[in-house]
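The values are calculated or read from the model by the stated rules, or taken from the named source; none is laboratory data. All of these numbers come straight from a predicted model, not from anything done at the bench. Note that we place each Cβ from the backbone using ideal geometry, even for glycine, and neighbour counts take in every protein chain shown. Quick note on the areas: whole protein, heavy atoms, side chains included, nothing else; ligands and nucleic acids left out. Shrake-Rupley method; radii C 1.70, N 1.55, O 1.52, S 1.80 Å.
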Amino acid sequence: MRGLINYFSGMFNGIISLVKGMGVTGKYFFTSPVTIVTQQYPENRKTLEMFDAFKGEVTMPHNENNEHKCTACNICQINCPNGSIEVVSKDVVNEEGKKKKELDKHHYNIGMCSFCGLCIKTCPSNALAWGQEFEHAMFTRNKFVKTLNNEGSKLIQKKGVE
Amino acid sequence: MAEIIQDIQEQEYLINMGPQHPSTHGVLRLVLSLRGETVLSVQPHCGYIHRGIEKMCERLTYQQIIHLTDRLDYLSAHINNHAVCMLVENALGVELPERVKYIRTIMDELARIASHQLWWCSFGMDLGALTAFFYGLRDREPILDIFEESTGGRLIQSYYTPGGLMKDIHPGFQKRVKDFIKMFRKKINEYDQLLSGNVIMTQRTQGIGILTEEEAISFGVTGPSGRGSGFECDIRKHHPYSLYNKVEFKEILRTEGDSFARYSVRMDEMRESLNIIEQLIDNIPAGDFSVKMKPVIKLPEGEYYQRVEAARGEFGVFISSKGEKYPYRVKLRSPNFSNLSALHSIAHGQKIADLVAIGASLDYVIPDIDR
Ligand code: SF4
Ligand code: SF4
């Protein structure tokens with residue numbers, strides 16, 4: 001007899017617990033059937049905005065005169081744990097006949113970057129910044145190596161210095 | 001025919017579970033020895049995702065090590081970073097601004113909640129409750145947004161650095177966190193309605209997969225899994241670091257030691273983490289978000305150890321330094337490795353279907369086991 005009672009009460013309690021759980025799902029089914037929780041990607045590609053801090057890729061911002069702030073000091077390359085940065089510099093001779101180091105190409109291999117942010121944090125001239133681009137898929141691996149400085153770009157000349 | 005069936009019933013046979021089994025949550029291979037449906041022994045085979053992180057650390061500066069510790073237990077990335085940062089700071093005797101401590105503690109607790117939420121999702125899914133999976137992920141999204149807005153990363157943040165933080169928090173950080181707490185306090189009750197009382201769930205977890213306190217201690221099972229067996233091992237309580245000696249919180253303990261005890265410890269821990277954040281979020285002091293450190297950090301010669309309470313247990317970093325800019329030797333004590341070692345003594349004698357539930361209740365992250 002006892003066993004029978006236990007059997008039925010167990011069954012009954014089980015059904016109640018299931019109904020309770022169904023109550024939660026049912027509530028969502030009826031109260032918010034059109035609420036979309038997920039992002040409608042890629043339909044929203046045009047309007048999608050990432051947060052400012054989002055670590056998409058390392059970029060080198062240029063101003064409207066195609067000038068950047070990089071002095072080719074190599075510090076970012078030394079600090080990168082994965083060797084994904086290679087700074088190529090060239091020596092130029094200015095009008096006064098002095099030799100100066102200038103940035104030729106700033107290579108950045110996003111395929112080897114682990115987005116640690118050390119290059120951006122340690123750059124003494126604040127020449128690097130995070131970009132918000134996140135669609136990085138490519139068909140060949142060598143496309144991952146990007147040159148961060150634009151073609152023909154120059155170092156920003158500080159005001160007061162000729 | 002009857003003979004063959006009898007043979008099968010009495011014979012012991014070996015079966016591989018994993019490395020590509022959905023319920024092992026990663027590339028873990030368990031070699032099971034079975035008689036019928038009963039598990040006689042479980043032998044975990046690790047190493048499928050071994051990356052040699054400890055060895056790699058020997059050629060990296062202390063700032064660079066941080067981004068590798070993210071990739072151990074990626075669900076408590078902040079907490080792992082915290083251990084390395086604190087080790088370096090304590091070794092050099094750096095005094096941190098209060099603001100850093102507040103932000104770090106809040107971030108750690110948010111990471112703990114997010115990790116337990118994901119565990120809850122996958123726990124439900126392993127038992128066949130797919131609804132739980134979606135609800136948990138839905139509620140985890142606001143935390144990831146908080147992380148993304150302030151740190152720039154969703155899963156792996158590399159936000160802490162020896163001496164403070166990489167950058168300051170976003171101005172909207174406090175509002176977002178408060179909104180999340182308000183929202184999640186309601187939602188967590190829903191979790192209980194949906195899964196905790198569910199008949200299938202209770203029958204598959206209560207009284208199953210028992211780990212005694214003695215075993216927990218001898219295997220070094222820490223974190224929620226250890227506390228489910230009554231082993232008081234909360235580092236935040238017993239060896240407080242950062243701000244944990246200033247906030248009020250309870251150490252959640254259960255004594256049953258079964259899968260359900262481990263489940264309920266984690267559920268209560270989420271509520272406790274909400275309490276901790278609530279006490280801190282309104283009074284983050286103004287100030288610097290980092291102290292200036294030398295560009296090349298050299299630890300004085302000696303050996304250092306620092307432990308923290310990660311989402312899955314005690315995470316420890318041991319560094320032996322020869323006074324150079326690279327550590328001489330790094331050893332990481334990962335909680336999941338010790339937790340996994342107890343799997344055989346928990347699971348032998350149980351049914352193979354329950355092994356999945358036991359594994360889910362131990363909540364292992366494989367990259368943390370293999371390192
Ligand atoms: S990006 Fe910054 S750190 Fe790197 S070479 Fe240029 S100035 Fe130096
Ligand atoms: S983010 Fe880190 S890994 Fe990537 S380029 Fe900069 S330093 Fe190297």
- request: Would you check if there is a residue in region B:37-52 being open to solvent by less than 20 Å² (accessible area, probe 1.4 Å) and under 30 Å from B:ILE5 (Cβ atoms)?
  value: yes
Note on A:ILE75: of the conditions (1) at pLDDT below 85; (2) within 14 Å of ligand 1 (Cβ to nearest atom), unmet is (1)
Q) Is there a residue in region B:284-299 that is touching a residue at least 24 places away in the same chain (Cβ under 8 Å), surrounded by fewer than 18 Cβ atoms within 10 Å (Cβ to Cβ) and farther than 29 Å from B:ILE103 by Cα? A) no
Log entry, pairs with first residue in region A:21-32 being facing chain B (nearest Cβ under 9 Å), second being in a helix (DSSP H, G or I) and open to solvent by 40 Å² or more (accessible area, probe 1.4 Å), beta carbons closer than 6 Å, six or more apart or on different chains, reads A:VAL24/B:GLN193; A:THR25/B:THR131
Restricting region A:2-49 to residues that are among the aromatic types (Phe, Trp, Tyr), part of a helix (DSSP H, G or I) and open to solvent by 90 Å² or more (accessible area, probe 1.4 Å), the one nearest to B:TYR135 (Cα to Cα) turns out to be A:PHE29
Picking from A:GLU133, A:GLU96, the residue that is within 16 Å of ligand 2 (Cβ to nearest atom) and open to solvent by 40 Å² or more (accessible area, probe 1.4 Å) would be A:GLU133
Taking region B:32-52 and keeping residues within 24 Å of the chain's Cα centre (by Cα) and at negative phi leaves B:VAL42, B:GLN43, B:PRO44, B:HIS45, B:CYS46, B:TYR48, B:ILE49, B:HIS50, B:ARG51
Picking from B:ARG104, B:ARG112, B:ARG140, B:ARG99, the residue that is within 14 Å of another protein chain (Cβ to nearest Cβ) and either open to solvent by 10 Å² or more (accessible area, probe 1.4 Å) or not in a loop (DSSP other than H, G, I, E, B) (or both) would be B:ARG140
From the option list A:SER84, A:SER114, single residue qualifying as within 14 Å of another protein chain (Cβ to nearest Cβ), touching a His at 6+ places or on another chain (Cβ under 7 Å), within 10 Å of ligand 2 (Cβ to nearest atom) and hydroxyl-bearing (Ser, Thr, Tyr) is A:SER114
Exactly one of A:ALA72, A:ALA127, A:ALA53 is within 14 Å of chain B (Cβ to nearest Cβ) and open to solvent by less than 50 Å² (accessible area, probe 1.4 Å), and that residue is A:ALA53
Residue hits (region B:83-131; at positive phi and free of Cβ contacts under 8 Å to residues at least 40 places away in the same chain) are B:GLY93
All conditions in (1) assigned to a helix (DSSP H, G or I); (2) within 15 Å of ligand 1 (Cβ to nearest atom); (3) open to solvent by less than 80 Å² (accessible area, probe 1.4 Å) are true of A:VAL88 except (1)
Screening B:SER122, B:SER150 for residues that are in contact with a His (Cβ under 6 Å, 6 or more places away or on another chain) and either among the small types (Gly, Ala, Ser) or more than 8 Å from chain A (Cβ to nearest Cβ) (or both) leaves only B:SER150
Within region B:53-69, the residues that are free of Cβ contacts under 8 Å to residues at least 12 places away in the same chain and under 27 Å from B:THR24 (Cβ atoms) are B:LYS55
What do you reckon, is B:ARG104 out of contact with any helix residue (DSSP H, G or I) (no Cβ under 8 Å at 6 or more places or on another chain) and of a type in the set (D, E, K, R)?
-> no
Those residues of region B:317-371 that are open to solvent by 10 Å² or more (accessible area, probe 1.4 Å), touching a residue at least 60 places away in the same chain (Cβ under 8 Å) and part of a strand (DSSP E or B) come to a total of 3
A careful count of residues in region A:91-126 that are in a strand (DSSP E or B), under 17 Å from A:GLU57 (Cβ atoms) and more than 13 Å from ligand 1 (Cβ to nearest atom) gives 1
